[in-house]
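Have a look at the structure below, then the notes.
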């Protein structure tokens, strides 16, 4: 997981002894899901600023291997002056895997509700890994990870967010559609709607039908890079149309924002999306 999972505190290069750089106020451990025995690397950052009486807001961050440090540093830079930045201190919970790569093949299983019938290979030509474990992954988050986090850290259960990008963005939408009470803020960056387009549309329609019977309180930020308009998947168009459809449900408790980031592509959008997501999910309480 990059520079923050080194076991040694020092390293010698040439004849110079150097210290390993680590993310401040961060700790990690391994968790194994009860039902499927899948292993996850959990990384948690706790602010150095004291928690408010209601507890810290929390962001559950998918693909923790890739952007945990990015989000933590963005938060550390902004949370000391919420009156100026619009960002309050929060606990960041990265959900990652036992790898030093930014993305693990395991994400294909955890972030998809069913195996795709439209694709057989990844963009680099390799066969797709196993898929279809989103329901089990959500159960792990809700029934195992959240209880542990809430037992060890001072968490405000009424201010919980989930952040996912690409397939992670698809999973964030899946959670909103199937269990909207799981989080109050949903950030779906460049969601891979094309992956299970038909199934996701059906889930969206069921979600909208539920809104007709029951008012909820949830906010959704969909972020896309401007350059994604040119991608063959047409996910920019899919995401914009989804945003428009859900925005029509604002009177039923769904607050939707769509953000386009100028000059950014599918991967480069992540740092700017993270900064926007902090202001979206961590607004000072009125």
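The values are calculated or read from the model by the stated rules, or taken from the named source; none is laboratory data. Fair warning: this is a prediction, and the values are worked out from it, not measured in the lab. Glycine gets a Cβ as well: all are built from the backbone with ideal geometry, and neighbour counts include every protein chain shown.
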Fill in: Residues being assigned to a loop (DSSP other than H, G, I, E, B) and closer than 19 Å to residue 163 by Cβ - total across the range 106-118
4
Fill in: Residue list for the range 47-72, restricted to those being within 19 Å of residue 283 (Cα to Cα) and either free of Cβ contacts under 8 Å to residues at least 40 places away in the same chain or crowded, with 18+ Cβ neighbours inside 10 Å (or both)
47, 48, 50, 53, 56, 57, 58, 59, 60, 61, 71, 72
Discussion item. Could you check the range 147-193 and list, in sequence order, the residues that are over 22 Å from residue 132 (Cβ atoms) and surrounded by fewer than 19 Cβ atoms within 10 Å (Cβ to Cβ)?
Written reply: 147, 148, 149, 150, 151, 152, 153, 154, 157, 158, 181
Worksheet, complete the sentence: Checked against (1) assigned to a loop (DSSP other than H, G, I, E, B); (2) within 20 Å of residue 277 (Cβ to Cβ); (3) in contact with a strand residue (DSSP E or B) (Cβ under 8 Å, 6 or more places away or on another chain), residue 103 satisfies every condition except (3)
Worksheet item: With respect to residue 161, is the statement that it is in contact with a helix residue (DSSP H, G or I) (Cβ under 7 Å, 6 or more places away or on another chain) and in a strand (DSSP E or B) true?
Response: yes
Worksheet item: Do you know which of the residues in the range 26-46 that are farther than 22 Å from residue 187 by Cα and in contact with a helix residue (DSSP H, G or I) (Cβ under 8 Å, 6 or more places away or on another chain) is surrounded by the most Cβ atoms within 10 Å (Cβ to Cβ)?
Response: 33
Discussion item. Within the range 88-100, does at least one residue satisfy the condition of being in a helix (DSSP H, G or I), in contact (Cβ under 8 Å) with a residue 60 or more places away in the chain and surrounded by fewer than 19 Cβ atoms within 10 Å (Cβ to Cβ)?
Written reply: no
Worksheet, complete the sentence: Residue count, the range 1-25, condition at pLDDT below 85, touching a helix residue (DSSP H, G or I) at 6+ places or on another chain (Cβ under 8 Å) and either in a loop (DSSP other than H, G, I, E, B) or surrounded by 13 or more Cβ atoms within 10 Å (Cβ to Cβ) (or both), comes to 6
Practice prompt. Scan the range 106-136 for residues that are without any contact (Cβ under 8 Å) to a residue 60 or more places away in the chain and in contact with a strand residue (DSSP E or B) (Cβ under 9 Å, 6 or more places away or on another chain) and jot them down.
Written response: 120, 121, 127, 128
Practice prompt. Please specify each residue of the range 55-64 satisfying the condition of being in a loop (DSSP other than H, G, I, E, B) and either modelled with pLDDT under 95 or under 18 Å from the mean Cα position of the chain (by Cα) (or both).
Written response: 63
Item to complete: Consider only pairs whose beta carbons are under 6 Å apart and that are at least six residues apart or on different chains; among these, list those whose first residue lies in the range 138-160 and is at negative phi and whose second residue is crowded, with 16+ Cβ neighbours inside 10 Å and at pLDDT below 95.
Response: 154/51
Worksheet, complete the sentence: Out of (1) buried (at least 17 other Cβ atoms within 10 Å of the Cβ); (2) under 23 Å from residue 35 (Cα atoms); (3) touching a strand residue (DSSP E or B) at 6+ places or on another chain (Cβ under 9 Å); (4) modelled with pLDDT of 90 or more, the one residue 76 does not meet is (2)
Discussion item. Go through (1) more than 14 Å from the chain's Cα centre (by Cα); (2) within 29 Å of residue 200 (Cβ to Cβ) for residue 67 and report which single condition fails.
Written reply: (1)
